[in-house]
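Data first, discussion second: the structure below is written as structure tokens.
Nothing in this text is a laboratory measurement; each read-out follows from the coordinates by a stated rule. This one's a predicted model, so the numbers in the text were calculated from it and none came from an experiment. Here the Cβ is made from the backbone with ideal geometry for all residues, glycine too, and neighbour counts use every protein chain on show.
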């Protein structure tokens, strides 16, 4: 120990002797020191002394300011209240567990189902505790209505508080084995943590990429690992926008641009990506077009799809130009050239699939035309592709990524025709041909391989997702047919019209029930904490389909409950998912439909703890209200942001904070 260190330590000893004498009057100071009471003080003094310049002036200054013997209460192991606080925390959690078990044992089936569904939607411990408190208070509140207003005031206060970010659990951090090891430098300036970047890249290629695939994964990883920022298939723009999109799947604190702000996940990477995009725009690089696809998707998922559609329009122009320039493959081309040309063709078809799918979701005509180039053949290594439930350490299954891309392409060819048949708003004389739509449904059925109910354990996530997409398209087709608009020359009493509508209604309900079963399979095999983002659309459409028919059978209510659990889980990760669930909730209130009692906890928790005024102000979305759009409602009754601005009954103050909305601009 140096001279300066020794002097500071000795000074600390003198001061600690006095403290110990005051607190332990019956114990001699020397004896207390020998027992190690002041160990943490001495270590702190030594550490601070090492930080100074070892000059007498600095030592004296440190002593005057008290830096050399600052007390770290949590680090001071002699303080009993530190241990007591930890014991109290454990006791509180143990008490919560006891209450939970007792509630499940003693409550009726309805309340038990509500709690179970709330847990499955990944609610926090505080949310579960609040619901059980509410269960106990309900009988008393019914007898004393004056307490209701007080409880409502408390709920309003909770709405004003930010939801806490779940900290990174230490065991998860230690056991997180990223699927891909990639560097942070030179791709992003947001973080230098290679582990965190590898974590995000692994998440994105697990949950987003297989189902909206326009990037050659292995080629991208190879180029990112090389660190070559001039690569044709990897760029800082592409990397940052993937990282921004992937933050929605991560619970790590680093995924948030602003601590404790749910809407800020990935915002720091998003802004960095937009800066690079402004530099790359107009250069026609493959990586730029790939990044624009992710930028469009990410912008939609944060609830800003009005802006996203402008990106999609620019992307369509770039894809058309690239497809026109695509010439035949040279006969003397080497393997690397052939692979890059194949990756380019794969990107063109993948972006076409993206545009067709989202056009159907937003009920608009698809902006990217059918590519006039052959779809790349499935490679020989297709059977070696693996998928695992990252970040969980689970067994790998066959991925079939290339086969899925081909299947989605076949489905998208039908979807493209559908969007122009059903939603070509520029054609004033457009009429609906029921036979054509039934033909589309038949072609669609032959393009999709549905999971077998008896082989759930052998299922791949890709098959479940493709089947969900199929059932959503069926509901869209027959949703239009079952709500055929009245025409002047149409006999409403005609038997054929009644039979057509009844048959279409039956097909819609069957597909919605099948979607509920598929979500149950997803929950059983992979959980609901992580899901492909496209599933938001499949779930929401099925919920809207079942809404008017909840009283028609137990099957309808069971499927609706499963779908609601998934929708609540989505609302915890994406602003668009949150807005879509609020859109559905308000619509059900307008229609005065009583939702199943098993979902009471979900929707109560969503309205009181999840939804807030900041969420509504962030939204800049034209996502359609499925029921109202099928019936031909007005614009402000269909588009998400306009609908909520008009009908959301949250009675919020006008001077609310608009930080969230401005942060994205």
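Quick one: if the Förster radius is 51 Å, what FRET efficiency do residue 97 and residue 593 give, using the C-beta to C-beta distance and rounding to 0.05?
E(calc), rounded to 0.05, equals 0.90.
Can you pull the one-decimal nm distance between simple spin-label points at residue 88 and residue 342, each 7 Å off the Cα toward Cβ?
It works out to 6.4 nm between the two label points.
Order these peptides, 301-310, 566-575, 385-394, 502-511, by their mean beta-carbon neighbour count within 10 angstrom, highest first.
566-575, 301-310, 502-511, 385-394
Listing 373, 215, 414 from the residue with the fewest other Cβ atoms within 10 Å to the one with the most, what is the order?
Ranking 373, 215, 414 by Cβ neighbours within 10 Å, fewest first, gives 373, 414, 215.
Relative to a virtual label point 7 Å from the Cα of residue 124 in the Cα→beta-carbon direction, which members of segment 247-282 show backbone nitrogen distances below 20 Å?
Counting only backbone N, you get 247-267.
In nanometres, what is the gap between the two model label sites at residue 510 and residue 116, each 7 Å from Cα along Cα-to-Cβ?
About 2.9 nm separates the two model spin labels.
Sorted by packing (mean other beta-carbon atoms within 10 Å per residue), highest first, where do 177-185, 512-520, 287-295 land?
Ranking the peptides 177-185, 512-520, 287-295 by packing returns 287-295, 512-520, 177-185.
In whole percent, what relative contact order does segment 510-601 give with Cα contacts below 8 Å and a gap of six or more residues?
Relative CO of segment 510-601 lands at 31 percent.
Which number do you get for Rg(Cα) / (2.2 N^0.38 Å) in segment 182-231?
So the Cα radius of gyration is 1.14 times the expected 2.2 N^0.38 Å.
Taking R0 as 25 Å, what FRET efficiency do you get between residue 278 and residue 525 from their Cβ-Cβ distance, rounded to the nearest 0.05?
That gives a FRET efficiency of 0.05.
Take residue 133 and residue 189, extend 7 Å from each Cα along the Cα→Cβ direction, and tell me the distance between the two endpoints in nm.
Those two pseudo-labels are separated by 4.6 nm.
Going by average Cβ density within 10 Å per residue, which order do the peptides 639-645, 332-338 take, highest to lowest?
The peptides rank, most packed first, as 639-645, 332-338.
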